Structures are given as structure tokens and as C-alpha cells.
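Data first, discussion second: the structure below is written as C-alpha cells.
The values are calculated or read from the model by the stated rules, or taken from the named source; none is laboratory data. Everything numeric in this text was worked out from a predicted model, so none of it was measured. No Cβ is skipped: glycine too gets one built from the backbone with ideal geometry, and neighbour counts run over all protein chains shown. Side chains are part of the model used for accessible areas, which takes the heavy atoms of the whole protein and leaves out ligands, DNA and RNA. Shrake-Rupley method; radii C 1.70, N 1.55, O 1.52, S 1.80 Å.
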Amino acid sequence: MRIKTLTTAHSLVLLAAIIILFFLSGCSGPQSALDPAGPSAHAIANLWWGMFGFFALVLLTMVALWLYAMWRKPAPMTKVQAHRLSSWWIIGGGVVLPIISMIVLLSFSIPMGFRMLPLPLEEQTPLRIEVTARQWLWQIRYADTHVKTMNELHLPAGMPVDVHVSSADVIHSFWVPKLSGKIDVIPGRTNTLRLQADVPGHFRGQCSEFCGIGHAHMKLSVVVHTPEEFEAWLEEKSYE
């Protein structure tokens with residue numbers, strides 16, 4: 001019976017490892033938050049990997065204790081000793097472990113979250129872009145200009161951009177996974193998200209809040225230029 005139980009345990013661990021590797025194989029692609037291309041996205045990816053590593057360690061520890069409990073030969077003890085031992089396990093597993101886990105997670109998740117806030121900058125003022133979500137498209141206006149685009153967001157590389165999002169109808173959610181986290185787009189309210197891309201390139205955004213029958217088609221193309229190319233594009237669009 002013990003051998004059969006151990007074989008089952010090994011099979012379950014192997015199956016869990018295969019499942020984890022299967023999902024990790026999808027950590028790249030046009031909308032992968034684990035393939036970051038900007039400071040905010042790097043903070044999110046680091047937070048995810050940190051949490052993944054921490055809970056993987058917890059899982060391995062629990063599996064090791066489980067295997068030890070199956071293989072060990074119980075020592076004879078009185079009811080008082082058994083009660084004392086079970087109390088220690090309850091306190092350790094039900095109180096101490098959760099407290100330590102929360103302290104460890106908060107110690108690195110709070111600084112990571114702080115990096116994603118659109119805080120004032122000392123050296124420069126972020127470019128302001130206003131985005132209005134509608135069923136089922138994105139209307140984009142570049143502040144202090146007459147330039148407007150639809151479903152296509154242009155950004156300068158290496159420069160912070162504050163995207164001010166609002167909705168003209170229902171709740172949407174603005175998300176460019178490789179550049180930053182997501183933010184809700186709520187009617188009657190303007191929320192701000194800080195975007196910054198490390199290098200020029202093309203990225204993809206998506207409404208991540210179900211907003212009606214056309215939700216799946218509410219996509220956003222993000223084009224990141226060099227600062228010089230962005231200024232040239234903005235000037236060209238100003239005369240159209």
C-alpha cells in the first residue's frame with residue numbers, strides 16, 4: 001500500500017510539472033505580460049516571477065513534508081504528546097506560515113506596484129495622450145495638438161507617456177501587456193496610466209473587460225518610434 005501511494009504521489013508531481021512547463025511555454029507572444037518591453041511591464045513580470053518562485057518553493061516544501069509523513073515510522077507517544085504536536089503544526093502551518101508568506105510577498109510587491117504609478121517626474125513632464133473607448137474602438141488624441149487617430153497609438157521610445165483614458169459608453173479596460181498593466185476605463189471618470197517603451201517596435205493592446213458582442217475585436221495597435229521619428233510623425237499628422 002505504501003509503495004502504491006508513493007507511486008501515485010510521484011505521478012501527481014510529474015503531472016503537475018508537465019502542466020507547469022506547458023503553460024510556461026506560452027510566456028512569449030504579442031500579448032505576453034511575461035515578455036516585457038517597458039519599465040512598468042518589467043516590474044509586473046518581476047512580481048509575477050517572484051510570486052511564482054515563492055509559491056513553487058512552498059509547494060515543494062509541502063510535497064517534501066507529505067512524502068516524509070508517508071515514509072516515516074511514527075514514534076509511540078501519549079495522547080498529551082500527540083495533542084501538543086498537532087497544536088504546533090496548527091500554529092506553524094495556520095498562523096506562522098501565512099504571516100511569513102504575507103510579509104515576504106508584500107515586501108517586494110509594494111515596491112513593484114509603486115513603480116507602476118504615474119507619479120510626477122523631476123526631470124521631465126510626460127507626454128499626455130487622451131484615449132476614449134467606445135463600443136468597439138479606441139479614439140486617440142494627442143494633447144496640445146489636433147492630431148487624432150483610431151485604434152492606433154503612437155509613442156516615442158524611451159520617454160514616459162501618460163495615457164488618460166475615459167469611456168463614452170460602458171466599462172472597458174485598457175491594456176498593452178508588453179508595456180504596462182491594465183486599467184479600467186469607466187464612463188464619467190478619467191484614469192491615468194503611465195506607459196514607456198524601451199525600444200521602437202510594434203505592440204498590441206486589447207480591451208480586457210467584456211464590453212459587448214464586439215469585445216474580442218476591440219484591439220489596439222501600438223507603434224513605438226524613435227523620439228525623432230515620433231516628432232516627425234506628429235508634425236506630419238498636424239498638417240493633415
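Values as computed for the structure displayed
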{"quantity": "Residues of region 60-75 satisfying the condition of being in contact (Cβ under 8 Å) with a residue 40 or more places away in the chain and either surrounded by 11 or more Cβ atoms within 10 Å (Cβ to Cβ) or among the aliphatic types (A, V, I, L, M) (or both)", "calculated": "Val63, Trp66, Leu67, Met70"}
{"quantity": "Single condition Leu97 does not satisfy, out of (1) closer than 24 Å to Asn191 by Cβ; (2) surrounded by 11 or more Cβ atoms within 10 Å (Cβ to Cβ)", "calculated": "(1)"}
{"quantity": "Qualifying residue in region 118-141 (condition: surrounded by 11 or more Cβ atoms within 10 Å (Cβ to Cβ), part of a strand (DSSP E or B) and either at pLDDT below 85 or acidic (Asp, Glu) (or both))", "calculated": "yes"}
{"quantity": "Whichever residue in region 225-240 is farther than 20 Å from Gln139 by Cβ and outside any helix (DSSP H, G or I) and, among such residues, is most open to solvent (accessible area, probe 1.4 Å)", "calculated": "Tyr239"}
{"quantity": "Meets criteria (modelled with pLDDT under 85, under 22 Å from Ser221 (Cβ atoms) and open to solvent by 50 Å² or more (accessible area, probe 1.4 Å)) for Ser28", "calculated": "yes"}
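Table: residues versus (1) buried (at least 16 other Cβ atoms within 10 Å of the Cβ); (2) in contact with a helix residue (DSSP H, G or I) (Cβ under 6 Å, 6 or more places away or on another chain); (3) of a type outside the set (Phe, Trp, Tyr).
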| residue | (1), (2), (3) |
| --- | --- |
| Asp144 | no, no, yes |
| Thr149 | yes, no, yes |
| Glu152 | no, no, yes |
| Ala157 | yes, no, yes |
| Pro160 | yes, no, yes |
| Val165 | yes, no, yes |
| Ser173 | yes, no, yes |
| Val176 | yes, no, yes |
| Leu179 | yes, yes, yes |
